[in-house]
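For reference, the structure is listed below as structure tokens.
The values are calculated or read from the model by the stated rules, or taken from the named source; none is laboratory data. It should be emphasised that the depicted structure is a prediction, and the values quoted were computed from it without experimental measurement. Note that each Cβ is placed from the backbone with ideal geometry, even for glycine, and that neighbours are counted across all protein chains shown.
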Amino acid sequence: MESLVFDEELSGGQKVRSAKRTTAPQENVPKPSLLQQAITALMIIGPLAGLIAAIVIFFGHGITLVDLLLALVFYAITGHGVTAGYHRMVTHRSFVAKRWVKIALAISGSLAFEGAVATWAAQHRRHHAYSDVIGDPHSPYLYGQSFKERAKGAFHSHIGWLFKAQSVDVEKWAPDIAKDKDLMFISKIFPLLTIISFTLPALLGYLFTFTAAGALGGFIWGGLVRICLLQHSTFAVNSACHLWGKKPFITREGDEARNFAPLAIMSMGENWHNWHHSVPRSARHGVKRYQIDTTARLIWILEKFKLIKDVHWPTKEQINSRTKMYKLETSGMQ
């Protein structure tokens with residue numbers, strides 16, 4: 001199937017024109033300092049410690065309705081900020097939003113504690129350009145085929161890659177974002193937004209209960225637990241969705257992006273990863289009727305209220321053609 005021609009916009013100007021894979025050129029990327037690695041570890045271990053503390057508290061004292069609501073509401077807001085804002089709007093330009101909607105989605109995504117919007121998008125575009133070949137920041141397939149090597153690859157794709165030197169050139173991978181003053185400003189104030197991400201649920205917990213316990217509950221459940229679960233749901237798209245699941249649609253040679261159904265709710269539709277890699281600019285990832293994709297539903301609502309435009313919805317013809325090409329490719333391999 002080397003002759004298959006693709007026209008998949010990676011956004012930012014790059015286009016993949018062929019099923020033939022290429023690898024990234026050698027780059028001299030400085031290794032992250034011990035301080036940078038310590039900060040990264042804190043960003044991952046801190047929320048995880050909060051989750052453990054929450055489990056201990058839950059079995060000792062239970063969870064209040066306020067704690068639960070803060071966790072669910074902040075998860076939904078910040079999670080969709082990543083999926084609809086960071087990913088589908090900014091990285092892949094699946095739709096065009098009114099300025100205030102663009103800003104609101106980018107800020108919401110920043111509260112998810114997953115990095116500044118400009119670098120997040122640039123890194124993700126690089127992932128699509130070199131998916132599962134040398135140059136992919138978080139492929140699980142770059143270490144070998146033995147069980148030990150596969151386990152190492154799985155860890156790398158989930159969180160290990162965060163501690164390694166990475167090439168994140170916003171000017172190269174996201175020139176459109178580099179020219180967007182709103183998005184670049186939001187990227188610059190990312191440290192401030194991370195502080196707000198923790199303090200806001202704690203403040204709301206206090207205002208709802210007027211107790212220190214309410215503030216602590218908001219901090220733990222609406223802050224630490226929510227961030228931990230959201231982080232690992234996102235990380236699992238990088239790892240689980242390239243290791244397990246189904247591949248019903250054609251992707252480029254060697255691209256192992258898969259649909260991993262168990263992540264549907266927590267990832268807000270990002271788990272339908274095979275279709276996403278088949279048509280990256282598609283605003284909907286769960287293209288089958290039974291595939292839950294709350295991010296696509298949010299985009300649909302925003303479009304109905306005329307808050308966004310130029311939405312790239314998948315067509316039946318597009319879905320059928322990608323399915324047929326996959327069947328043709330797999331039959332040719334037998």
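Tabulated values for the structure
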{"quantity": "Filter pass, G115 being of a type in the set (G, A, S), closer than 19 Å to H232 by Cβ and at pLDDT below 95", "calculated": "yes"}
{"quantity": "Check on D255, of a type in the set (D, E, K, R) and surrounded by 22 or more Cβ atoms within 10 Å (Cβ to Cβ)", "calculated": "yes"}
{"quantity": "Any hit, segment 274-281, residues being assigned to a loop (DSSP other than H, G, I, E, B), out of contact with any strand residue (DSSP E or B) (no Cβ under 8 Å at 6 or more places or on another chain) and either of a type in the set (V, I, T) or closer than 27 Å to P140 by Cα (or both)", "calculated": "no"}
{"quantity": "Test set (1) more than 22 Å from G79 (Cβ to Cβ); (2) buried (at least 24 other Cβ atoms within 10 Å of the Cβ) - K306 fails condition number", "calculated": "(2)"}
{"quantity": "Residues (touching an Asp or Glu at 6+ places or on another chain (Cβ under 9 Å) and within 19 Å of H92 (Cα to Cα)) located in segment 257-270", "calculated": "A257, M268, G269, E270"}
{"quantity": "Filter result for the condition that a residue is within 22 Å of the chain's Cα centre (by Cα), modelled with pLDDT under 85 and of a type in the set (V, I, T), over V16, V73", "calculated": "V16"}
{"quantity": "Count of segment 71-88 residues which are of a type in the set (G, A, S) and in contact with a Leu (Cβ under 6 Å, 6 or more places away or on another chain)", "calculated": "4"}
{"quantity": "Segment 53-70 - residue that is among the small types (G, A, S) and out of contact with any Leu (no Cβ under 8 Å at 6 or more places or on another chain) and, of those, modelled with the lowest pLDDT", "calculated": "G60"}
{"quantity": "Qualifying residue in segment 160-181 (condition: out of contact with any strand residue (DSSP E or B) (no Cβ under 7 Å at 6 or more places or on another chain), β-branched (V, I, T) and at pLDDT below 95)", "calculated": "yes"}
{"quantity": "Condition broken by V101, with the remaining ones in (1) touching a residue at least 60 places away in the same chain (Cβ under 8 Å); (2) surrounded by 21 or more Cβ atoms within 10 Å (Cβ to Cβ); (3) in a helix (DSSP H, G or I) satisfied", "calculated": "(2)"}
{"quantity": "Residue list for segment 31-69, filter: closer than 30 Å to W161 by Cα, assigned to a helix (DSSP H, G or I), of a type outside the set (V, I, T) and in contact (Cβ under 8 Å) with a residue 12 or more places away in the chain", "calculated": "Q37, A41, M43, G46, P47, L48, A49, G50, L51, A53, A54"}
{"quantity": "Qualifying position, being among the charged types (D, E, K, R), loosely packed, with under 15 Cβ neighbours inside 10 Å and under 19 Å from M268 (Cα atoms), among K246, K164, K181, K188", "calculated": "K246"}
{"quantity": "Residue ID - surrounded by the most Cβ atoms within 10 Å (Cβ to Cβ), chosen from residues in segment 232-243 that are closer than 16 Å to S131 by Cα and in contact with a His (Cβ under 9 Å, 6 or more places away or on another chain)", "calculated": "H242"}
{"quantity": "Filter result for R284 (closer than 23 Å to H158 by Cα and without any contact (Cβ under 8 Å) to a residue 40 or more places away in the chain)", "calculated": "no"}
{"quantity": "Qualifying positions in segment 169-178 - surrounded by fewer than 18 Cβ atoms within 10 Å (Cβ to Cβ) and not in a helix (DSSP H, G or I)", "calculated": "D169"}
{"quantity": "Residue identified as closer than 25 Å to G115 by Cα, touching a Pro at 6+ places or on another chain (Cβ under 9 Å) and surrounded by fewer than 19 Cβ atoms within 10 Å (Cβ to Cβ) among L229, L224, L203", "calculated": "L229"}
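For (1) in a loop (DSSP other than H, G, I, E, B); (2) surrounded by fewer than 17 Cβ atoms within 10 Å (Cβ to Cβ); (3) among the charged types (D, E, K, R), each residue gets a yes or a no:
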{"residue": "A71", "(1), (2), (3)": "no, no, no"}
{"residue": "A76", "(1), (2), (3)": "no, yes, no"}
{"residue": "G81", "(1), (2), (3)": "no, no, no"}
{"residue": "Y86", "(1), (2), (3)": "no, no, no"}
{"residue": "V90", "(1), (2), (3)": "no, no, no"}
{"residue": "W120", "(1), (2), (3)": "no, no, no"}
{"residue": "Q123", "(1), (2), (3)": "no, no, no"}
{"residue": "Y141", "(1), (2), (3)": "yes, no, no"}
{"residue": "Q145", "(1), (2), (3)": "yes, yes, no"}
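So that you can scan it fast, the table gives a plain yes or no per residue for (1) under 20 Å from A261 (Cβ atoms); (2) touching a residue at least 24 places away in the same chain (Cβ under 8 Å); (3) in contact with a His (Cβ under 6 Å, 6 or more places away or on another chain):
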residue: T294; (1), (2), (3): yes, yes, no
residue: I301; (1), (2), (3): no, no, no
residue: D310; (1), (2), (3): no, yes, no
residue: E317; (1), (2), (3): no, no, no
residue: R322; (1), (2), (3): yes, yes, no
